[in-house]
1. Does the range 274-290 contain at least one residue that is surrounded by fewer than 20 Cβ atoms within 10 Å (Cβ to Cβ), in contact with a strand residue (DSSP E or B) (Cβ under 7 Å, 6 or more places away or on another chain) and under 30 Å from R40 (Cβ atoms)?
2. Test T316 against the criterion of being in a strand (DSSP E or B), under 19 Å from G242 (Cα atoms) and not basic (K, R), and give yes or no.
3. Give me the residue from the range 23-33 that is out of contact with any helix residue (DSSP H, G or I) (no Cβ under 6 Å at 6 or more places or on another chain) and either small (G, A, S) or over 11 Å from S51 (Cβ atoms) (or both) and, out of that set, surrounded by the most Cβ atoms within 10 Å (Cβ to Cβ).
4. Do you know which residues across the range 188-197 are within 22 Å of Y9 (Cβ to Cβ) and in contact with a Gly (Cβ under 8 Å, 6 or more places away or on another chain)?
5. Mind checking which pairs have a first residue in the range 218-232 that is of a type in the set (G, A, S) and a second that is in a loop (DSSP other than H, G, I, E, B), Cβ under 8 Å, 6 or more apart or different chains?
6. Could you tell me which numbered condition I208 fails, if it satisfies all but one of (1) over 20 Å from T340 (Cα atoms); (2) under 19 Å from the mean Cα position of the chain (by Cα)?
7. It is to be established whether one or more residues within the range 268-275 are within 26 Å of I34 (Cα to Cα) and either within 26 Å of the chain's Cα centre (by Cα) or assigned to a strand (DSSP E or B) (or both).
8. Identify all residues within the range 213-230 that are of a type outside the set (D, E), on the phi < 0 side of the Ramachandran plot and surrounded by fewer than 24 Cβ atoms within 10 Å (Cβ to Cβ); write none if there are none.
Amino acid sequence: MHLKRTAFYDIHRTLGAKIVEFGGYEMPVQYTGIIDEHRRVRESVGIFDVSHMGEVEVCGKDALAFVQKITTNDASKLSEGGVQYSAMCYADGGIVDDLLVYRMGDRFMLVINAANTEKDIAWMKQHVAGDVQLYDRSDDLSLLAVQGPKALLTLSTLTGADIGALPYYHFLRGNLAGVDMIISRTGYTGELGFELYFPSDAATGTRIWDAVMEAGAPFGIGPVGLGARDTLRLEMGFCLYGHDIDQSTNPIEAGLGWITKTDKGEFVGRASIMKAKQEGVTRKLVGFALNDRAFPRQGYRINAGGSPTGSVTSGTFSPVLDRGIGMGYVALAHSKPGATLTVSIRSREVPAEVVQPPFIRK
């Protein structure tokens, strides 16, 4: 399998990053260490290369109708410059992917997970009807995330755009570091932050990377890899496709009913999701916290009263809480916050408690 590289690959190598395969790309998993990078984002500011994410442009006079048909949230509520978290489902209610929907006037940009790009686009094409054109922009765009309490101070010196007035889950078109781009008030960390979309070439990428690093130097900015990206998102209880959600899970049991608007009209999977809402589900995705620093991993058994009740979908050591945390599906009877569980970790049963995410309050 031929692995792709982002425009920042040489920068990652120069910085001594540990490179791993992720979503068909050679990506940095860590630089100075996951805990160090995690704390930098929580306390100051970090920069992530997330150019592996997929971007699909939806054009044509029936673009809105198409997006409404394939996503669970109500895209008609979006105005120009708005962003929406949503999901796409199969007819049986299983999740194709979770995604961001950007409203760009009469067209849309859908930001999807890297590992799912090819699959997602093929699935989208099956549902095209009317005047709709799909364009895969994944290779055309680079994406940097600048996240942390000092993110605004870092980027404000590089642009004349009033990004401080940009509401959460909104974007604008502006010039930053001399490059025209989309500046989006979004992120996957729970911190103040922005995501920057711009043309994908090494020269442009290096220019922006260097400018952001220089602007953030007074705040101790540093590069952050996929390892800390995962621990940061897990502290906030954000789902990761392929772990907490996939084609075998539906939005109701995954706690994503809030992005599932069954009253907006027909969309793929609506009937199955309505059935799950009406009849109830037998299991639920919950957050849990351990009473020690043990590391719960995907697939570990979750028990209640000495009997299996589910399994871990995501787990990590929380640098902020100094204890193990995770998410997993458990039987409905054991899903209420405060319920006591154990997690089987290396032949011992580690006590845990069901916690309503996020694990840390921002």
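1. Yes, some residue in the range 274-290 is surrounded by fewer than 20 Cβ atoms within 10 Å (Cβ to Cβ), in contact with a strand residue (DSSP E or B) (Cβ under 7 Å, 6 or more places away or on another chain) and under 30 Å from R40 (Cβ atoms).
2. Values: in a strand (DSSP E or B): yes; under 19 Å from G242 (Cα atoms): yes; not basic (K, R): yes.
Taking the combined requirement at face value, the residue satisfies it.
3. Within the range 23-33, the subset out of contact with any helix residue (DSSP H, G or I) (no Cβ under 6 Å at 6 or more places or on another chain) is 24-26, 31-33.
Applying the additional criterion that residues be either small (G, A, S) or over 11 Å from S51 (Cβ atoms) (or both) yields 24, 26, 31-33.
Numbers: G24: 16, E26: 17, Y31: 20, T32: 16, G33: 13.
So, considering only residues that are out of contact with any helix residue (DSSP H, G or I) (no Cβ under 6 Å at 6 or more places or on another chain) and either small (G, A, S) or over 11 Å from S51 (Cβ atoms) (or both), the one surrounded by the most Cβ atoms within 10 Å (Cβ to Cβ) is Y31.
4. Let us first name the residues in the range 188-197 that are within 22 Å of Y9 (Cβ to Cβ), namely 188, 195-197.
Within the range 188-197, E195 is the sole residue that qualifies.
5. Cβ pairs passing all conditions: G220/S44; G220/V45; G222/Y31; G222/T32; G225/A17; G225/Y31.
6. All conditions pass for I208, except number (2).
7. To start, the set of residues in the range 268-275 that are within 26 Å of I34 (Cα to Cα) comprises none.
No, because not a single residue in the range 268-275 is within 26 Å of I34 (Cα to Cα) and either within 26 Å of the chain's Cα centre (by Cα) or assigned to a strand (DSSP E or B) (or both).
8. Restricting attention to the range 213-230, the residues satisfying the condition of being of a type outside the set (D, E) are 213, 215-229.
Keeping just the survivors that are on the phi < 0 side of the Ramachandran plot gives 213, 215-219, 221-229.
Passing the criteria: M213, A215, A217, P218, F219, I221, G222, P223, L226, G227.
The values are calculated or read from the model by the stated rules, or taken from the named source; none is laboratory data. Bear in mind that the values here come from a model prediction, so they are computed numbers and not experimental data. Backbone-built Cβ (ideal geometry, glycine too); neighbour counts: all protein chains shown.
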